[in-house]
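Engineer: Handing you a structure now.
The values are calculated or read from the model by the stated rules, or taken from the named source; none is laboratory data. A quick note: this is a predicted structure, and the numbers were derived from the prediction, not measured. Counting neighbours? That spans all protein chains shown, and the Cβs are built from the backbone with ideal geometry, glycine included.
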Amino acid sequence: MAAPKKGRSASAQSRPGRSLALILIAIAALTGGMFLSGHPTPRLGIDLAGGTSITLEAKNEPGQPNAINKTNMDTAVDIMNRRVNGLGVSEAEVQTQGDRNIIVNIPKGTNSKQAREQVGTTAKLYFRPVLTTEVSGPGAKASPSPSSSSSNKATDKATDKATSSSSATPTASATSQGRAVSDALKADTTPSATGSASTSPSSSASPSASSSVDPGTAKLQAQYAALDCTDKAVRATAGDGVKPSDPTVACGQNSSGQWQKYILGPAEVSGTDIKKAAAVYDTQSAAGWKVTMDFTSGGSKKFAAITGKLAQNQSPQNQFAIVLDGEVVSDPYVNQALTGGNAEISGSFSQTEAQDLANMLKYGALPLTFKEASVTTVTAALGGEQLHAGLIAGAIGLGLVVIYLVVYYRGLSLIAIASLMVSAVLTYVIMSLLGPTIGFALNLPAVCGAIVAIGITADSFIVFFERIRDEIREGRTLRPAVERAWPRARRTILVSDFVSFLAAAVLFIVTVGKVQGFAFTLGLTTLLDVVVVFFFTKPLMTILARRKFFSSGHSWSGLDPKRLGAQPPLRRTRRASAPVDTKEA
C-alpha cells in the first residue's frame, strides 16, 4: 500500500503548475468581469468621494413631551443605520448631533434619493382597517364603487403561515366607530357628473342619513372628497396631526402606478407589535415573492382581533392598510382570522417590492418623528488629502517590508514579492466588483485595513520560508525540505489567519459605519492570504526548488546551507565488531 501513496504524492508534487494556472485564470476572469461591469475602480466612501449629508431634527409627538431622550435617539440611529445599510456594506454614516439632531452621510454612488426616502420615513407604522378607497386625481373616474376600485396591491392577501380557521371577536368600540364612518360615507354620497355613485355593495345610501352625521365624520368626509393624491404637497400633509385612535385619510399607489385615496379606521396594530419581517421566495408553490411577519405576544392578539373583524366584511372593508408616514404602503385583504402570531403577505411582488415592504415593516417603528432640517453636498477635499497621506504611509511601509525581505531572504524575496502583487491584484479587483454587487464603499479605515493586511500576508510567507530553512539546517536538500516544511507551515498559517478573520468578523458584527469598513477589508484580505499561499506561493516555491539557483544553495538564494549552519547529512555506519582472538588456548 505504500507504493501507490508515494506515487500519488509524487504526482501531486510534480504538477504545481495546475494550481498556478488555476489562480491565474481566476484573476483573468475576475479582471474581465470588473471591466465588463463598467466599474474598473472601487466605489469610494463619503470621506473619499463626497456625497450627501442629511440633518434630521427630532420632534415630540402629541401627548409625549419627553419623547426626545438618549434612549429613543439611540434607537432611531440604529434603525436608520439598518435602513440605509440593510442591503449591503454601503458605508453610510448615521450619528447623533446634540440632543435632538441626527446626521446621515450618504456616499456618492449610492442611490441618494432612495436613501433619503428610507431615512426620511420616520413616522410610526400602523395597521388600519380600510373603510373606503378609490383612484385619486383629475384623470380618474369619479367615485367608483369601493368594491371595484383597485388597491395598492390588488392581489395582495394576508394569510397565516399555518392556516387557521378560528376567528376572533372584534372589539365593540372599533367596530362601532368604523361602521359610523362607513355609514356616513354611504349616506352622504351623491351621484357624480358621470352618473355613477359610490355606494357599498352591501347596502344603499339613505337620503335622510346625512342630517345625522356627526361633525367629525362630516369633516373627514370633506377631507376625503377634497383629497388629491396626485399632488405631492397634498400627500405630504394627508392625515397630519391625527391620533392613532382616530380615523384618517391617506394616499397610496396601486400596482398600476395610480394614486389611491383612502378613508381608514383607527389604528389596531402598531409597528412596535411586529417582532420580525422578511422577504422570502415561495419555492413550494412557485407563487413568487412574499413577505412574512412575526408578531409579539401582544401584537398577535391585536392582529387576530382586527383580521377576525375584517374577515366578516366585503371588499374593500376586508382589507387593512399598512400606513407609514401617512402613506399606504400595502393594503392586503383577509378572509379569516389570523391567530397564529405570524402572517404572510402574498401577491404580485417583485423581489425589490417584497424587500422594500419587509424593510418598512421591520424598521418602521421609530420612537420619534423627524423633520428633514437640511440636505447638503459634501466634498471629498479633506478625505482626499488624508487618502494621499495614507497611501504614502502605505507605500513607505510596503517598501520597508520589501527591503527587509530582500536583505534577509535574498532570492526567496522574489517569491514573497510576487505573492504580494497577486494578493494586491485580487484585493483590488474584488473590491471593485463588490461596489456594484453589495454596495461596498472604500473609506479611509478600509484603506487602513488593506495596509494592515500587508503584514498578515508577509507573515504567512515568513512562516513557510523559515520552516524550509529549518529543514535545510537539519541536513536535507531543498526539494524534500519544501515538501516536509509545507504541512507544518500550513497548519500555522491557517491558525494565524483564522484568529485574524475571527477578530475581523466580531468587529464587523458589533460595529457600524467606518469601523465596519476596516473589519470587512481585514477579513477579505485574510481570506485572500490563504488563497494566495495555497494556490500561488507553495506551487511557485515547488517549481523554483527544481532550479539550480535555489537547489544548489547559491549564496544569494537565501537557502545557502553554510549560511544557515546546516548539519551534514546523517549517514548510517556499520558498527565495528569486537576483535576475535583466533589463537587456541
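Engineer: Look through 499, 512 and report the one residue that is more than 24 Å from residue 540 (Cα to Cα), at pLDDT below 85 and either in the same structural domain as residue 545 (by TED's automatic domain parsing) or not hydrophobic (A, V, I, L, M, F, W, C) (or both).
Structural biologist: 512
Engineer: Taking the condition assigned to a helix (DSSP H, G or I), under 42 Å from the mean Cα position of the chain (by Cα) and not charged (D, E, K, R), does residue 481 pass?
Structural biologist: no
Engineer: Determine whether residue 327 is farther than 30 Å from residue 237 by Cα and surrounded by fewer than 24 Cβ atoms within 10 Å (Cβ to Cβ).
Structural biologist: No: the conditions fail for residue 327.
Engineer: May I pose another question? Just checking, how many residues over region 501-522 are part of a helix (DSSP H, G or I) and over 22 Å from residue 429 (Cα atoms)?
Structural biologist: Summing the residues that are part of a helix (DSSP H, G or I) and over 22 Å from residue 429 (Cα atoms) in region 501-522 gives 6.
Engineer: Could you check, for region 392-402, whether at least one of its residues is over 25 Å from residue 537 (Cα atoms) and assigned to a helix (DSSP H, G or I)?
Structural biologist: There is at least one residue in region 392-402 that is over 25 Å from residue 537 (Cα atoms) and assigned to a helix (DSSP H, G or I).
Engineer: Now a separate question. Could you grab me the full set of residues in region 258-311 that are among the charged types (D, E, K, R) and either in a helix (DSSP H, G or I) or within 18 Å of residue 335 (Cβ to Cβ) (or both)?
Structural biologist: Matches in region 258-311: 268, 273, 290, 301, 302, 309.
Engineer: Now for a different question. Being at pLDDT 85 or above and touching a Lys or Arg at 6+ places or on another chain (Cβ under 9 Å) is the filter here, so list the residues in region 307-334 that pass it.
Structural biologist: 320, 321, 322, 323, 328, 330, 331, 332, 333, 334
Engineer: For residue 440, are the conditions met, namely being among the aromatic types (Phe, Trp, Tyr), more than 21 Å from residue 26 (Cβ to Cβ) and either in contact (Cβ under 8 Å) with a residue 24 or more places away in the chain or surrounded by fewer than 22 Cβ atoms within 10 Å (Cβ to Cβ) (or both)?
Structural biologist: Taking the combined requirement at face value, the residue does not satisfy it.
Engineer: Yes or no: region 523-545 includes at least one residue that is outside any helix (DSSP H, G or I) and buried (at least 20 other Cβ atoms within 10 Å of the Cβ).
Structural biologist: Yes, that holds for at least one residue.
Engineer: Just give me the residues in region 417-473 being at pLDDT 85 or above and either on the phi > 0 side of the Ramachandran plot or in contact with a strand residue (DSSP E or B) (Cβ under 7 Å, 6 or more places away or on another chain) (or both), in sequence order.
Structural biologist: Result: 431, single match.
Engineer: Continuing with the same structure: Would you mention how many residues in region 527-565 are among the polar types (S, T, N, Q) and either touching a Gly at 6+ places or on another chain (Cβ under 9 Å) or more than 22 Å from residue 404 (Cα to Cα) (or both)?
Structural biologist: Residues flagged as among the polar types (S, T, N, Q) and either touching a Gly at 6+ places or on another chain (Cβ under 9 Å) or more than 22 Å from residue 404 (Cα to Cα) (or both) within region 527-565 amount to 4.
Engineer: Also: Check region 99-108 and report whether any residue there is surrounded by 20 or more Cβ atoms within 10 Å (Cβ to Cβ), at pLDDT below 75 and under 27 Å from residue 435 (Cα atoms).
Structural biologist: yes
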